[in-house]
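Asks: Submitted below is the structure of interest, expressed as C-alpha cells.
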Amino acid sequence: MFMNFYDPRRDSPFYGMLASLIFTHKDQFYQALYEAVSKHPSYVVLSDLESDKKIKVLDGMIQYYEAKESYEKCATLLNIKKEIEEYVEN
C-alpha cells in the first residue's frame, strides 16, 4: 500500500523512520495517520503534495481499513478523497 508511495532513494532520516513504522508498527502507523487525516482534512486537501499521491495514500488506507472491517473509517477517508477530487476539478 504505502510501499508505492515510499521512495527508498530519498536520503532522509524521516523516510527511514516512516518505513520502519510501516513495517514494524503497522496498526499504530495507520491509526496515527487516520487520526491526523480525519481531524484535519483541510490540511490534506490543501497541502502541496500532488493530488494523485494524496489519493494513492488514501486508497491504501481505505484498503487497510476495509480489511479490518472499519467501515466508518473508510467512509471518512472516502469523503476526504472526494474533497480532493472536487478541489482539483475547481
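Asks: Can you run down the residue pairs with Cβ atoms below 8 Å, 6 or more apart or on separate chains, where the first is in the range 22-33 and of a type in the set (F, W, Y) and the partner is open to solvent by 60 Å² or more (accessible area, probe 1.4 Å) and in a helix (DSSP H, G or I)?
Replies: As it stands, the answer is F29/L21, since those pairs meet every condition given.
Asks: Still on this model: With the requirement that a residue be in a helix (DSSP H, G or I), open to solvent by 50 Å² or more (accessible area, probe 1.4 Å) and out of contact with any Ser or Thr (no Cβ under 9 Å at 6 or more places or on another chain), what does the range 76-90 give you?
Replies: Matches in the range 76-90: L78, N79, K82, E86, E89.
Asks: Restricting attention to the range 30-62, and to residues there that are under 27 Å from N90 (Cα atoms) and polar (S, T, N, Q), which single residue is most open to solvent (accessible area, probe 1.4 Å)?
Replies: S42
The values are calculated or read from the model by the stated rules, or taken from the named source; none is laboratory data. Model, not experiment: these values are computed from the prediction. So basically every Cβ, Gly included, is an ideal-geometry build from the backbone, and we count neighbours across all protein chains shown. Ligands, DNA and RNA are stripped out before the accessible areas are found, and what is left, the full protein with its side chains, is counted by its heavy atoms. Shrake-Rupley method; radii C 1.70, N 1.55, O 1.52, S 1.80 Å.
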